[in-house]
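*Asks:* Sending over a structure as structure tokens; questions will come in a sec.
The values are calculated or read from the model by the stated rules, or taken from the named source; none is laboratory data. Please read these numbers as outputs of a predicted model, since none were measured by experiment. Just the protein is used for accessible areas: all its heavy atoms, side chains included, with ligands, DNA and RNA removed. Shrake-Rupley method; radii C 1.70, N 1.55, O 1.52, S 1.80 Å.
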Amino acid sequence: MTRTFSRFALAILRASSLICMIILLSGVGLAQKVVTARTTIPFNFWAQGHEFQPGDYLFDNAVPSSASIHREGTNSAIGVSVILYAVPSEKENPRLIFVRRDEKYFLFELWSVQGRYVVTAEFEHRGEASEQQRQVPLTIVESHDQ
């Protein structure tokens, strides 16, 4: 009986070790490059149901699958859900793309050095070009691995 119990305990220990290694190794590929960018937006715009006034803004991707919009000089930020839809073959200049609907500009896409992201609410229109778009360049101020 003791011999069966020790084999059973050893089997549990081995299985636990294997599970821990799988969990540990699966986290290795989840490292994310956090990028913070600055821009000046010269017009009112809407994102995630919020209206933003013209001004200086910081954008970052510290939370996976979202972009944070922070107006400089304030203490609050709004998170916008985004989906990666394309990885360009060459580096592109980072920028924001706004689309005009109902006399308002809506944040539509974010182009970063890592890929093109579409705001989740606009996913069905990703990659579409329109005469009603405005592009605003982003300047990278910080980039590090998380």
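*Asks:* Need at least 2 residues that are open to solvent by less than 50 Å² (accessible area, probe 1.4 Å) per element, so show me which strands (runs of 3 or more DSSP E) inside the stretch 43-144 make the cut, counting only ones lying wholly within it.
*Replies:* It comes to 45-47, 55-60, 66-71, 77-86, 95-101, 104-111, 116-119, 133-137.
*Asks:* Kindly evaluate ALA37 against the criterion of being within 20 Å of the chain's Cα centre (by Cα), among the small types (Gly, Ala, Ser) and at pLDDT 90 or above.
*Replies:* Criteria met by ALA37.
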